[in-house]
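The values are calculated or read from the model by the stated rules, or taken from the named source; none is laboratory data. Just so we're clear, the structure is a prediction, and the values are computed from it rather than from any experiment. Every residue, glycine among them, receives a Cβ derived from its backbone with ideal geometry; neighbour counts consider all protein chains shown.
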Amino acid sequence: MKGTVFQGNLQFHVEIEGESWTPGQTLRGKLNVHNQGTGSVGLGQVGITLAHASYKKVKASDPKAFNAYHTQTFEAGQELAPGQTSELAWSIPLEETAPITDKAGSLFLVFGNLSEKTKGGHLLITVGPGFIIQEYLKIFENFFRFKAKELRQFKDMVQIKMTAPSSKEFSSTEGLLLFIKTQASKLELKYEFTIKKLGYTKGSVELEKNELVFPYSLSYKDFMLGKDMIDQDKMLVHFNEVLNQVKMKANY
């Protein structure tokens with residue numbers, strides 16, 4: 001991935017290794033700065049910033065659009081002579097809770113003179129769910145027929161809107177909002193089921209909606225066989241425990 005932008009007499013060209021990432025991976029690249037002017041320029045505020053922003057604010061050039069996570073710059077006091085080019089090699093590790101790219105916003109790599117972020121360049125950094133979340137969803141969908149409809153970032157968690165299977169045992173389940181994150185060798189989960197039930201109000205029968213909430217915190221030993229291998233059997237036990245509560249409470 002590449003990008004070029006001009007600010008005053010400086011030309012900035014950034015290159016990033018890769019096109020998409022997941023939390024836990026590392027962004028790597030280089031920033032080249034070329035001085036097209038006739039005088040030396042200080043590079044103390046020149047560099048790159050990994051920041052999160054909403055598309056709406058970026059489009060509007062909102063000066064507060066970018067919420068910075070990590071910044072790397074040239075050394076303070078470094079000067080760039082006329083006609084010269086200088087290169088900054090950089091790397092940024094993505095944390096486990098790095099926000100994913102969704103319909104509202106994304107991480108961006110901002111580059112150039114960082115004192116004027118809205119006038120510099122910015123490249124969208126596409127981040128998807130990490131390995132554990134992907135495998136978790138795969139098992140849930142394949143064995144229990146719940147389907148992920150939409151993924152979005154909600155604070156430090158991934159929110160997944162899911163539809164329930166059309167089977168009789170889940171006929172009262174209207175939907176599921178699943179909140180999930182991996183952090184400090186744990187899988188944090190919150191299931192929010194919307195259940196339809198017949199209720200009695202002032203002598204009449206009406207359809208009511210109730211919410212069932214089940215929070216869980218699983219250590220890696222509860223569902224992992226190794227660094228890159230999910231224990232499918234243990235995850236199936238977990239899913240059955242959750243769904244059995246839904247079936248029981250939906251019927252009584």
Inset, instruction - Kindly establish whether SER106 is exposed (fewer than 13 other Cβ atoms within 10 Å of the Cβ), in a strand (DSSP E or B) and polar (S, T, N, Q). - result: no
Inset, instruction - Test ALA98 against the criterion of being surrounded by 14 or more Cβ atoms within 10 Å (Cβ to Cβ), of a type in the set (Gly, Ala, Ser) and closer than 30 Å to GLU150 by Cα, and give yes or no. - result: yes
Inset, instruction - Would you mind stating whether PHE140 is surrounded by 14 or more Cβ atoms within 10 Å (Cβ to Cβ), in a strand (DSSP E or B) and of a type in the set (Phe, Trp, Tyr)? - result: no
Inset, instruction - Report, by residue number, each residue of the stretch 166-185 that is in a loop (DSSP other than H, G, I, E, B), over 24 Å from the mean Cα position of the chain (by Cα) and exposed (fewer than 15 other Cβ atoms within 10 Å of the Cβ). - result: SER166, SER167, SER171
Legend entry - Qualifying residue in the stretch 28-39 (condition: farther than 12 Å from PHE111 by Cα, among the hydrophobic types (A, V, I, L, M, F, W, C) and either free of Cβ contacts under 8 Å to residues at least 12 places away in the same chain or surrounded by 15 or more Cβ atoms within 10 Å (Cβ to Cβ) (or both)): no
Inset, instruction - Just one of (1) over 22 Å from LYS247 (Cβ atoms); (2) more than 26 Å from the chain's Cα centre (by Cα) trips up MET157, so point out which. - result: (2)
Legend entry - Filtered residue count, the stretch 208-246, keeping only those that are basic (Lys, Arg), in contact (Cβ under 8 Å) with a residue 12 or more places away in the chain and over 15 Å from PHE143 (Cβ atoms): 1
Inset, instruction - Go over the candidates SER86, SER54 one by one and state the one that is among the polar types (S, T, N, Q), more than 19 Å from GLN7 (Cβ to Cβ) and either outside the structural domain of GLY24 (by TED's automatic domain parsing) or surrounded by 13 or more Cβ atoms within 10 Å (Cβ to Cβ) (or both). - result: SER54
Legend entry - Odd one out for LYS227, checked against (1) modelled with pLDDT under 90; (2) in contact with a helix residue (DSSP H, G or I) (Cβ under 7 Å, 6 or more places away or on another chain); (3) charged (D, E, K, R): (2)
Inset, instruction - Only one of these is surrounded by 13 or more Cβ atoms within 10 Å (Cβ to Cβ) and over 15 Å from LEU88 (Cα atoms): PHE12, PHE6. Name it. - result: PHE6
Inset, instruction - Say whether the condition of being of a type in the set (Gly, Ala, Ser), at pLDDT 85 or above, assigned by TED's automatic domain parsing to the domain that holds GLN159 and farther than 27 Å from PRO99 by Cβ is met by at least one residue in the stretch 172-191. - result: yes
Inset, instruction - For the stretch 1-50, enumerate the residues that are of a type outside the set (A, V, I, L, M), touching an Asp or Glu at 6+ places or on another chain (Cβ under 8 Å) and not in a strand (DSSP E or B). - result: PRO23, GLY24, SER40, GLY44
Legend entry - Considering residues of the stretch 110-132 that are crowded, with 21+ Cβ neighbours inside 10 Å and out of contact with any helix residue (DSSP H, G or I) (no Cβ under 9 Å at 6 or more places or on another chain) only, the residue modelled with the lowest pLDDT: LYS117
